[in-house]
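One structure is given below, encoded as structure tokens.
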Amino acid sequence: MSNVFTFSIGKKLVMALMGLFLCAFLVVHLGINLALIFSSTTEAFNKAAHFMGTNPVVKAMEIGLFGGIFLHILYAAILTLKNWIARPVGYKIGNNQQTSFFSKYMVHTAVIVAIFLVLHLFDFYVKAKFQHGFVNDVVYDGKTYHDLGTLVLERFKIGWVVVVYVIALLGLGFHLIHGFQSAFQTMGLNHPVYTPIIKAVGYIYSVAVTLGFIAIPVAVYFFK
Amino acid sequence: MDLTLKIWRQANATAKGKFETYTVKNISPDSSFLEMLDILNQQLIEDNIATPVCFDHDCREGICGMCGLYINGRAHGPDKGVTTCQLHMRKFKDGDTIVIEPWRAKPFPIIKDLVVDRTAFDKIIAAGGYVSVNTGGIPDANAIPISKKDADTAMDAAACIGCGACVASCKNASAMLFVAAKVSQFAHLPQGKVEAKERVKNMVSKMDEVGFGNCTNTGACEAECPKEISILHIAKLNREFFAAKIC
Ligand code: HEM
Ligand code: FES
């Protein structure tokens, strides 16, 4: 184990594992968020958000999540920088046809996702955690909850916010289409039979997660 | 065929290079790409236009790995599964403009014109791309049983001629396909298993050290490899590496 991270392949492994961990997180995140548009009140969402914000297991996972994002970005930055240094003089005519389409834009989509992540955290996470003045309280069955659902609904009534979310989520989708299957190859899992299945699952996953997340601001804007 | 050639000219490793435009006429579609360049050079010398264009080559039959030109944005040009020396002019059309560049990667510095220094690959091989054996009597060929599947996979990997097209075509200038081919070739054979752990660590470490980029699984290398080596071998390299470092 000792100095595995000093090797390029070791860093790639961390990126792949953290990337897949983030992929799993997105499913949970999406599941809870969909409660907002599939239920007429914000109660289900608020209760779920309360659970996610207070449950000790989830809180421990949250530390892992932020650590994962940090490591993923850190190693992505180091490896990408080395890639640029490895070709100081480029070609007059670059190789375009042979490089798989989505892999070309990993850095671009990563930057979109990273900027979005900051905006998104300030939008909801920071308010929910640290700026309770922005959030009203609601009472269900005698227990007090933060009305985060209403906070989200109000935010997604603003046109430009919805547009920013949609663009960023498309960026995320592009990132995942290459990232999901790439992570398996990085982990050494490539097989003539199973790899096409992994690629298909990754594609379906990416499209479903992207459309699922996009549906939320769009549905709130038009129908709530 | 009449062609316009835009060729990278650079007097030496430190000189500033630039593209020069030349024309060649009456090229037979049956001539090879390197023969076309020979005709150009003959013309440059006879007409006193310029010094001949330097390019690497040796066997001219696709087995030595010396040739390697980046032609119209493709390592070894537009044909699939062939080296530059096996590329023929019939793949181009009369009147075409062909842009010819050297391999571009920091660990492959230009020596002159289209010739690059690929000793970085030799350094990786010297770090572990071999099997240590004591010399002695010739062992019986069938004394060590090797399954057909492993023998075939090892043979596919061994097809690598170390030309550097994988590095040249990778957007990250990564040498993973080259290193993978060497590591995988030995890892599939009993003779290679003895030194497997040290080999993969040392070769990957050398690959990083000499300054190649990192694989992001773009697939360009396997598409451009003249020996059509699959990135299945890169996955094998990753597994070998994890087995050596983690397990
Ligand atoms: C929810 C957010 C994210 C998820 C689910 C995710 C997922 C992934 C996955 C699974 C990979 C493939 C790993 C591999 O091939 O080994 C990957 C690659 C990558 N990620 Fe992310 N990522 C996310 C956010 C980010 C962010 C914020 C950045 C940087 C600012 C980033 C930068 C990269 C880069 C540069 C690569 C490698 C590019 C390549 O392989 O061509 N990612 N990501
Ligand atoms: S000159 Fe030997 S492979 Fe092309």
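The values are calculated or read from the model by the stated rules, or taken from the named source; none is laboratory data. Remember, predicted model here, so these are calculated numbers, not experimental data. Every residue, glycine as well, gets a Cβ built from its backbone with ideal geometry; the counts of neighbours run over all protein chains shown. Heads up: the accessible areas ignore ligands, DNA and RNA and are worked out on the full protein's heavy atoms, side chains in. Shrake-Rupley method; radii C 1.70, N 1.55, O 1.52, S 1.80 Å.
For the range B:194-224, name all the residues that are open to solvent by 30 Å² or more (accessible area, probe 1.4 Å) and at the interface with chain A (Cβ under 7 Å from one of its Cβ atoms).
First, the residues of the range B:194-224 that are open to solvent by 30 Å² or more (accessible area, probe 1.4 Å): B:194-195, B:197-198, B:201-202, B:205-206, B:208-210, B:216, B:222.
Result: B:Ser205, B:Asp208, B:Thr216.
Just a yes or no: is a residue in the range B:225-242 hydrophobic (A, V, I, L, M, F, W, C) and either outside the structural domain of B:Gln185 (by TED's automatic domain parsing) or surrounded by fewer than 18 Cβ atoms within 10 Å (Cβ to Cβ) (or both)?
From the range B:225-242, those hydrophobic (A, V, I, L, M, F, W, C) are B:225, B:229, B:231-232, B:234-235, B:237, B:241-242; that's our starting set.
Going one step further and asking which of them are either outside the structural domain of B:Gln185 (by TED's automatic domain parsing) or surrounded by fewer than 18 Cβ atoms within 10 Å (Cβ to Cβ) (or both), we end up with B:242.
Yes, the range B:225-242 contains at least one residue that is hydrophobic (A, V, I, L, M, F, W, C) and either outside the structural domain of B:Gln185 (by TED's automatic domain parsing) or surrounded by fewer than 18 Cβ atoms within 10 Å (Cβ to Cβ) (or both).
Using the structure shown, decide if B:Asp58 is in contact with a Cys (Cβ under 6 Å, 6 or more places away or on another chain), closer than 27 Å to B:Ser169 by Cβ, more than 14 Å from chain A (Cβ to nearest Cβ) and within 16 Å of ligand 2 (Cβ to nearest atom).
On the way: in contact with a Cys (Cβ under 6 Å, 6 or more places away or on another chain): yes; closer than 27 Å to B:Ser169 by Cβ: yes; more than 14 Å from chain A (Cβ to nearest Cβ): yes; within 16 Å of ligand 2 (Cβ to nearest atom): yes.
Taking the combined requirement at face value, the residue satisfies it.
Taking the range A:105-147 as the search range and keeping residues that are open to solvent by less than 80 Å² (accessible area, probe 1.4 Å), of a type in the set (A, V, I, L, M) and modelled with pLDDT under 90, which one is farthest from A:Lys47 (Cα to Cα)?
Going through the qualifying residues, I end up with A:Val126.
State yes or no: is A:Tyr105 part of a helix (DSSP H, G or I), near ligand 1 (Cβ under 10 Å from one of its atoms) and more than 19 Å from B:Gly73 (Cβ to Cβ)?
Values: part of a helix (DSSP H, G or I): yes; near ligand 1 (Cβ under 10 Å from one of its atoms): yes; more than 19 Å from B:Gly73 (Cβ to Cβ): no.
So A:Tyr105 fails the test.
Considering (1) farther than 18 Å from B:Gly162 by Cα; (2) within 16 Å of ligand 1 (Cβ to nearest atom); (3) touching a helix residue (DSSP H, G or I) at 6+ places or on another chain (Cβ under 8 Å), say which one B:Glu240 fails and leave the rest.
B:Glu240 satisfies all of (1) farther than 18 Å from B:Gly162 by Cα; (2) within 16 Å of ligand 1 (Cβ to nearest atom); (3) touching a helix residue (DSSP H, G or I) at 6+ places or on another chain (Cβ under 8 Å) except (2).
Residue under question is A:Ile158, and the condition is that it be free of Cβ contacts under 8 Å to residues at least 40 places away in the same chain, surrounded by fewer than 17 Cβ atoms within 10 Å (Cβ to Cβ), more than 14 Å from chain B (Cβ to nearest Cβ) and in contact with a helix residue (DSSP H, G or I) (Cβ under 9 Å, 6 or more places away or on another chain); does it hold?
On the way: free of Cβ contacts under 8 Å to residues at least 40 places away in the same chain: yes; surrounded by fewer than 17 Cβ atoms within 10 Å (Cβ to Cβ): yes; more than 14 Å from chain B (Cβ to nearest Cβ): yes; in contact with a helix residue (DSSP H, G or I) (Cβ under 9 Å, 6 or more places away or on another chain): yes.
Yes, satisfied.
How many residues are in contact with a helix residue (DSSP H, G or I) (Cβ under 8 Å, 6 or more places away or on another chain) and open to solvent by 30 Å² or more (accessible area, probe 1.4 Å) when one looks only at the range B:36-59?
Within the range B:36-59, the first condition is being in contact with a helix residue (DSSP H, G or I) (Cβ under 8 Å, 6 or more places away or on another chain), and the residues that meet it are B:36, B:49-53, B:55, B:57, B:59.
Retained after the next criterion (residues that are open to solvent by 30 Å² or more (accessible area, probe 1.4 Å)): B:49-52, B:57, B:59.
Number satisfying all stated conditions: 6.
Here are B:Lys6, B:Lys112, B:Lys93: which of them is more than 16 Å from ligand 2 (Cβ to nearest atom), within 14 Å of chain A (Cβ to nearest Cβ) and of a type in the set (Lys, Arg)?
The conditions single out B:Lys6.
Identify the residue in the range A:77-95 that is more than 7 Å from chain B (Cβ to nearest Cβ) and open to solvent by 40 Å² or more (accessible area, probe 1.4 Å) and, among all such residues, is farthest from the chain's Cα centre (by Cα). Break it down stepwise before answering.
Filtering the range A:77-95 down to residues more than 7 Å from chain B (Cβ to nearest Cβ) leaves A:77-78, A:80-81, A:84.
If we keep only those that are open to solvent by 40 Å² or more (accessible area, probe 1.4 Å) as well, we get A:77-78, A:81, A:84.
Details: A:Ala77: 17, A:Ile78: 20, A:Leu81: 22, A:Trp84: 25 Å.
Here the answer is A:Trp84.
For B:Cys67, all conditions in the list (1) within 28 Å of B:Gly219 (Cβ to Cβ); (2) more than 14 Å from chain A (Cβ to nearest Cβ); (3) open to solvent by 20 Å² or more (accessible area, probe 1.4 Å) hold save one; what is the number of the exception?
It fails just one condition, (3).
Looking at A:Ile37, A:Ile78, which is the one that is part of a helix (DSSP H, G or I) and at pLDDT 95 or above? Explain how you work it out, then say what you get.
Values: A:Ile37 fails: at pLDDT 95 or above.
Matching residue, one of A:Ile37, A:Ile78: A:Ile78.
For residues in the range B:150-193 being among the basic types (Lys, Arg) and away from ligand 1 (no atom under 16 Å from the Cβ), which is most open to solvent (accessible area, probe 1.4 Å)? Even if it seems obvious, please write down each step before you answer.
Keep residues of the range B:150-193 that are among the basic types (Lys, Arg), which gives B:171, B:182, B:193.
With the extra rule that they be away from ligand 1 (no atom under 16 Å from the Cβ), the set shrinks to B:182, B:193.
Details: B:Lys182: 29, B:Lys193: 116 Å².
This residue is B:Lys193.
List the helices (runs of 4 or more DSSP H) inside the range A:122-224, counting only whole elements, that have at least 1 residues being within 30 Å of B:Thr216 (Cβ to Cβ) and more than 16 Å from ligand 1 (Cβ to nearest atom).
Fully inside the range A:122-224 and qualifying: A:159-186, A:194-223.
Specify which of the listed residues (B:Ile39, B:Ile63, B:Ile100) is closer than 18 Å to B:Gly17 by Cα and not hydroxyl-bearing (Ser, Thr, Tyr).
Working: B:Ile39 fails: closer than 18 Å to B:Gly17 by Cα; B:Ile63 fails: closer than 18 Å to B:Gly17 by Cα.
Matching residue, one of B:Ile39, B:Ile63, B:Ile100: B:Ile100.
Just the residues that are free of Cβ contacts under 8 Å to residues at least 60 places away in the same chain and within 14 Å of chain B (Cβ to nearest Cβ), please, taken from the range A:10-49.
Hit for the range A:10-49 is A:Gly10, nothing else.
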